[in-house]
Amino acid sequence: MKRHARKAYTALKKMGAPVIDGDGGYGPHFRISGEKNYTGGWAVAGEMDDFGVSLKINKVLEANGLFVEWINPGVLGVYDG
């Protein structure tokens with residue numbers, strides 16, 4: 001995982017977000033579960049953007065030059081911005 005993505009991954013993990021490590025260099029840097037929201041309502045709770053993603057997630061990712069989009073109804077993928 002690239003340094004900027006690892007930094008965001010670590011920050012989100014410390015905040016309690018349900019992050020999932022990458023898949024060996026293919027696809028997104030890492031993923032965020034949209035189903036495991038019991039640790040604070042990460043992907044789909046609280047204040048959200050127009051696509052239903054938590055502003056807490058977006059803030060960390062934008063600070064590291066990344067963005068998120070839905071891979072499927074239960075998983076967000078993190079990509080270069």
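Bear in mind that the values in this text are calculations on the coordinates, not laboratory data. If you're wondering where the values come from, they're calculated on a predicted model, not measured in any experiment. Counting neighbours? That spans all protein chains shown, and the Cβs are built from the backbone with ideal geometry, glycine included.
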* Obtain the nm distance between the two label points defined at Trp70 and His4 by a simple spin-label model: each point lies 7 Å from its Cα along the Cα-to-C-beta direction. => 2.6
* To do: Calculate one ³J(HN,Hα) per residue across region 48-65 by plugging θ = phi - 60° into the Karplus curve 6.51 cos²θ - 1.76 cosθ + 1.60, and present them in order as whole Hz with x for glycine and proline.
  => 10, 7, 5, 9, x, 10, 4, 5, 4, 5, 4, 4, 5, 5, 4, 5, 10, x
* Leu66 long-range amide H proximity, modeled H, under 5 Å -> Gly81
